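Worksheet for the structure shown next.
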Amino acid sequence: MIKKNWHIQYAFYILFVLSCALLTTVAGINIFVLLLLLVAPWFWRDYKFDQFQKRYILQFMYLIAAICLWDVLTNCLAGNGFLKSMIAMEHDLRTFGFILILWPIFAIQRLARFTLRVLLVVFGIIAALNLFAILLGFINPGEYLWPTTNHMYGQMIVGSLFLLLQYSIDRSSFSWKKILLIGVLFAGLIFGSGRRTGYLLLLAGFPVWIFLNRERFSLKRYRWWVILALLGAIAFSIQSSVLQDRMTLAYQEFHDFFQLTTAERANINTSVGIRLQFYISTWELIKDHWLVGVGSIQFPELFQKVNLQMGAKMPEQFHNPHNEYLFMLATKGVIGLLLYVGIFIQACRLAMIKPDQIQRVGLLMFVYLFMVSIFMNSMMIDMEEGHFTMLILLIFLAPVSLGLEQNKSQEKVVV
């Protein structure tokens, strides 16, 4: 006989494995997201909107549906058939669509909270293993044990750090487990990561996190803790040769780019140089298609054509501008860009009415870090980053409350 709540137990197992696969295997991500999608109808059957949050949730869902429909329309306007446009939308915006399908699964507090905790533990274990592998000489600094890890290593660690800090100060609970996890994540970022995005996000995120907790940090005793922690982090960071070398290289690549001719820039292969060239060539494409864009199907061909005209010898390397704002503007026009940004603005509006302070600030920080990160990367279009963003939005937005501010005895009653 099948148990009444079999689908909830099933979701626990799938979410556990999906969290483990997120930074280790792309095939695993696809398989376990598919397995999760299969059980979604059973959750929708019992789902009921919270009446206080219903209007904000529906507005969030309408915006996601609107950008998916607009993506199909822009590709149709570019001369593609409806079926081809639908397939392209599923490829480029699948993680947005998955949010709508998987919403009632994560609306169950214990499932959302369980997934968040598993992600934090998995991130900590991977950061620790990667750091130890570097210290023991198995891999070089800036390298990773798993090839899929490097795509969002920095974003993942920085977001987790701010969440753990928020959890600790809100519950006034600095246990050795949290301190150890914070230390491992921070050391993994500073000494084990070659991803400059992570360094920049940590630097850009700290003032915003302080602002969101300004009432608490206005008290002298908290203010001194912040100052001491900041000085300690700076002193710790400057000891990292990886950080020093990567940031020095970034400055050098930025400087060298502006010394080159147009043709030389079109053939540059440095990390910073390629991104700067992507921005320039994408803007050339946008100038004549700013309202509705060129469509995501035509974009790679037209993008390569622009770079070929600028003197690129290998235009096939150009397929993603590594700036999601420019990508949305180029493929979907200003209307698509407004819809895209509107989704994250609505996510913040929904977060602001959540009763859980940790949940509220945590989501605001993650969204802010995403929006900064996509100046240099893609957080929805790329496979790993897209599913990570999808999970974070579902974890923090779908449940009425994550219950992170409760003590352990209260949690047992709720779950």
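Conditions tested, residue by residue: (1) at pLDDT below 90; (2) of a type in the set (Ser, Thr, Tyr); (3) touching a helix residue (DSSP H, G or I) at 6+ places or on another chain (Cβ under 8 Å); (4) farther than 23 Å from Thr389 by Cα.
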| site | (1), (2), (3), (4) |
| --- | --- |
| Ile57 | no, no, yes, no |
| Trp70 | no, no, yes, no |
| Gly81 | no, no, no, yes |
| Leu136 | yes, no, no, yes |
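Is there a residue being at pLDDT below 90, surrounded by fewer than 19 Cβ atoms within 10 Å (Cβ to Cβ), within 16 Å of Trp209 (Cα to Cα) and of a type in the set (S, T, N, Q) anywhere in the range 354-363? Within the range 354-363 (the criterion being at pLDDT below 90, surrounded by fewer than 19 Cβ atoms within 10 Å (Cβ to Cβ), within 16 Å of Trp209 (Cα to Cα) and of a type in the set (S, T, N, Q)), the answer is yes, since at least one residue qualifies. For Gly79, the conditions (1) part of a helix (DSSP H, G or I); (2) surrounded by fewer than 19 Cβ atoms within 10 Å (Cβ to Cβ) are fulfilled apart from (1). Picking from residues in the range 199-218 that are of a type in the set (Gly, Ala, Ser) and surrounded by fewer than 18 Cβ atoms within 10 Å (Cβ to Cβ), the one that is nearest to Leu161 (Cα to Cα) is Ala204. Taken over the range 368-415, the criterion of being modelled with pLDDT under 80, of a type in the set (S, T, N, Q) and in a loop (DSSP other than H, G, I, E, B) is satisfied by Asn377, Ser378, Gln406, Asn407. Is it the case that some residue within the range 333-346 is buried (at least 16 other Cβ atoms within 10 Å of the Cβ) and farther than 22 Å from Met371 by Cα? Within the range 333-346, not a single residue is buried (at least 16 other Cβ atoms within 10 Å of the Cβ) and farther than 22 Å from Met371 by Cα. On inspection, Ala88 qualifies as under 20 Å from Leu339 (Cα atoms), buried (at least 19 other Cβ atoms within 10 Å of the Cβ), modelled with pLDDT under 95 and within 25 Å of the chain's Cα centre (by Cα). Across the range 183-216, the number of residues qualifying as within 27 Å of Ile139 (Cα to Cα), in a helix (DSSP H, G or I) and within 19 Å of the chain's Cα centre (by Cα) comes to 12.
When Leu276, Leu285 are checked against the criterion of being touching a residue at least 40 places away in the same chain (Cβ under 8 Å), touching a Phe, Trp or Tyr at 6+ places or on another chain (Cβ under 7 Å), part of a helix (DSSP H, G or I) and not small (Gly, Ala, Ser), a single residue qualifies: Leu285.
The values are calculated or read from the model by the stated rules, or taken from the named source; none is laboratory data. Remember, predicted model here, so these are calculated numbers, not experimental data. Quick reminder, even Gly has a Cβ in these numbers, built from the backbone with ideal geometry, and neighbours come from all protein chains shown.
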